[in-house]
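For reference, the structure discussed in these notes is given below.
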Amino acid sequence: MIEMRGVTIAYGRTVAVDGVDLTLPVNTIYGLLGRNGSGKTSLLSALASYRRPSAGTVLVDGEEAFENPRVARRVSFIRDTLDVSDSERVRCVLRTAGRLRATWDADYAAKLSDMFELDTRKRVSALSRGQRSMLGVVLGLASRAPLTILDESYLGMDAVARTLFYRELLDDYLSHPRTIVLSTHLIEEVADLFERVIIMDRGRVLLHDETDALRGRGVTVTGPAALVTAFAAGHTVLGEQSLGGVRALTLDGPLDPDDVARGERDGLAFGPLGIQDLFVHLTSQPRPLEATR
Amino acid sequence: MFHDRSPIYLQIADGIKNDILTGSLREDDQVMSTNQYAAFYRINPATAAKGFAQLVDEGVLYKRRGIGMFVSPDAPGKLRSERRQRFFAEVVEPMLDEAKRVGIGVDEITDYLGSRR
């Protein structure tokens, strides 16, 4: 079990993470979603114990995580910088990872490198953006760390490479269950892999739920303005659009099937929302100008 | 394979029920394991497990400890009678609504159905 209690991370006057409480059961794949600047990377840095929270604590199996070697050995955090020396060759980077990690699987690392057609003789500095990301994925997956955190590890990867990445992630998770936290902006292509989704907005956790509970949770109701408005009474409205006498409202459901059937008989049209559209509606509320405190 | 406008676990349950109704899954046939299903359809195994759990709850599947999950002997009959009950409400009524919108009378529909007998 991983627990965050009142975790706040501030950079000067800017609050990146604002009093986050999260309880994360282990051996689960989590998707961390949020807009740019919503605090995802800061939250993940605290989760990985790379950064001491300004306030609050992170507990891994009940133990304080920060500067705790027992916890650090069990965490693999793959972020943009990769935390490797640019002048090293890829094969040296992989060999070092093997020396540092008891759970490292060198054969699997070699298999993944082949799969991505990653030239391990190259220096890290010579890798393209996509190849750097592939190296990150190899480091993250082959570490088989009980807590594996992949922060936007797909950057620069083409559609084929991303598909290979998702396939490997799932297959390796099925044979070696562990806790994986993956942050992404490409919600639609990877959401099926997430057991749970965490949505951050402006430093706070807006939502933490089973991914499946979000499918069909948002509903768009379209029809004559007066009827739509009457139907929406009592529901949270996420978005609206009007054209002439027609109104379309996006509601935070789920809706009672009997209400929907009645609405359809009255001439209303209903359309369920995908996860990405729900995410856009939930996180596109106007941002206050003053983001600091 | 799955769309994201309704929970995948319900889509899984519906898919297996359809396989039973069409006869591609028969009484006492073993269904895929949760992990096989997850790997095949590229979904999280917990989501797949929830779909199967739903079918066990409904009595469509039964478990044999350590072996796997199987189609209940009475599942085809039960599913067929459920679908028959919903047929008029879910299939015929919407058709009548559409007929009314485009000006097709019940007599015209009856004639058509008579010609298909």
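Just one of the listed residues (B:Val56, B:Val31, B:Val92) is crowded, with 16+ Cβ neighbours inside 10 Å and either among the aliphatic types (A, V, I, L, M) or farther than 30 Å from A:Ala261 by Cα (or both), and it is B:Val31.
Screening region A:73-124 for residues that are among the β-branched types (Val, Ile, Thr) and within 22 Å of A:Leu155 (Cα to Cα) and picking the one that is surrounded by the fewest Cβ atoms within 10 Å (Cβ to Cβ) gives A:Thr81.
The number of residues in region A:161-181 being within 11 Å of another protein chain (Cβ to nearest Cβ), touching a strand residue (DSSP E or B) at 6+ places or on another chain (Cβ under 9 Å) and among the hydroxyl-bearing types (Ser, Thr, Tyr) comes to 1. Against the conditions (1) at pLDDT below 95; (2) within 14 Å of chain B (Cβ to nearest Cβ), A:Ile29 satisfies every one except (1).
In the set (1) of a type in the set (A, V, I, L, M); (2) within 14 Å of chain A (Cβ to nearest Cβ); (3) within 16 Å of the chain's Cα centre (by Cα), the condition left unmet by B:Val60 is number (2). Please determine whether any residue of region B:24-39 is touching a strand residue (DSSP E or B) at 6+ places or on another chain (Cβ under 8 Å) and in a helix (DSSP H, G or I). No, there is no match, as no residue in region B:24-39 is touching a strand residue (DSSP E or B) at 6+ places or on another chain (Cβ under 8 Å) and in a helix (DSSP H, G or I). Checking the stated criteria, B:Gln85 turns out not to satisfy the condition of being under 16 Å from the mean Cα position of the chain (by Cα), within 14 Å of chain A (Cβ to nearest Cβ), polar (S, T, N, Q) and not in a strand (DSSP E or B). The strands (runs of 3 or more DSSP E) falling completely within region A:182-293 that include 3 or more residues that are within 19 Å of the chain's Cα centre (by Cα) and either more than 11 Å from every other protein chain (Cβ to nearest Cβ) or within 26 Å of B:Lys100 (Cβ to Cβ) (or both) map to A:196-201, A:204-210. None of A:Leu186, A:Leu227 is of a type in the set (A, V, I, L, M) and either assigned by TED's automatic domain parsing to the domain that holds A:Ala142 or touching a Cys at 6+ places or on another chain (Cβ under 6 Å) (or both) except A:Leu186. Those residues that are assigned to a loop (DSSP other than H, G, I, E, B) and surrounded by 15 or more Cβ atoms within 10 Å (Cβ to Cβ), I need them from region A:1-34; list them, please. Result: A:Thr28, single match. Criterion applied to A:His208, A:His185 was being touching a strand residue (DSSP E or B) at 6+ places or on another chain (Cβ under 7 Å) and surrounded by fewer than 20 Cβ atoms within 10 Å (Cβ to Cβ), and the one residue passing it is A:His208.
Contact map, region A:57-81: residues that are closer than 24 Å to A:Val124 by Cα and hydroxyl-bearing (Ser, Thr, Tyr) paired with residues that are at pLDDT 90 or above and buried (at least 21 other Cβ atoms within 10 Å of the Cβ), Cβ distance under 6 Å, separation 6+ or inter-chain. Pairs shown: A:Ser76/A:Gly140; A:Ser76/A:Ser143; A:Ser76/A:Ala145; A:Ser76/A:Thr148.
Going residue by residue through region A:160-180, is there one that turns out to be assigned to a strand (DSSP E or B), on the phi < 0 side of the Ramachandran plot and out of contact with any helix residue (DSSP H, G or I) (no Cβ under 7 Å at 6 or more places or on another chain)? Yes - at least one qualifying residue is present in region A:160-180. For B:Ala48, the conditions (1) surrounded by 13 or more Cβ atoms within 10 Å (Cβ to Cβ); (2) closer than 20 Å to A:Phe165 by Cα all hold with the exception of (2). The residues of region A:150-182 that are surrounded by 20 or more Cβ atoms within 10 Å (Cβ to Cβ) and polar (S, T, N, Q), listed by number, are A:Ser153, A:Thr179.
Given the conditions (1) within 11 Å of chain A (Cβ to nearest Cβ); (2) touching a residue at least 12 places away in the same chain (Cβ under 8 Å), which single one is not true for B:Pro76? All conditions pass for B:Pro76, except number (1). Among residues of region A:89-111 that are farther than 18 Å from A:Thr148 by Cβ, those with a Cβ under 8 angstrom from a residue that is polar (S, T, N, Q) and part of a helix (DSSP H, G or I), sequence gap 6+ or separate chain, pair up as A:Val90/A:Ser113. Scanning region B:1-35 for residues that are out of contact with any Phe, Trp or Tyr (no Cβ under 8 Å at 6 or more places or on another chain) and within 9 Å of chain A (Cβ to nearest Cβ) yields B:His3, B:Asp4, B:Arg5, B:Ser6, B:Pro7, B:Tyr9, B:Leu10, B:Asn35. Among residues of region B:17-28 that are at positive phi and of a type in the set (Asp, Glu), those with a beta-carbon under 8 Å from a residue that is surrounded by 11 or more Cβ atoms within 10 Å (Cβ to Cβ) and assigned to a loop (DSSP other than H, G, I, E, B) at least six positions away or on a different chain give the pairs B:Asp28/B:Pro73. In this structure, is A:Ala72 assigned by TED's automatic domain parsing to the domain that holds A:Ala102, within 19 Å of A:Gly203 (Cβ to Cβ) and not aromatic (Phe, Trp, Tyr)? Answer is no for this residue. Take the conditions modelled with pLDDT under 95, surrounded by 14 or more Cβ atoms within 10 Å (Cβ to Cβ) and over 17 Å from the mean Cα position of the chain (by Cα) and apply them to B:Asp97. Does it pass? Here the answer is no, as B:Asp97 does not meet what is asked.
The values are calculated or read from the model by the stated rules, or taken from the named source; none is laboratory data. Here the structure is a predicted model, which is why all the values come from computation and not from measurement. Using ideal geometry, Cβ is built from the backbone for each residue, glycine included, and neighbour counts are taken over all protein chains shown.
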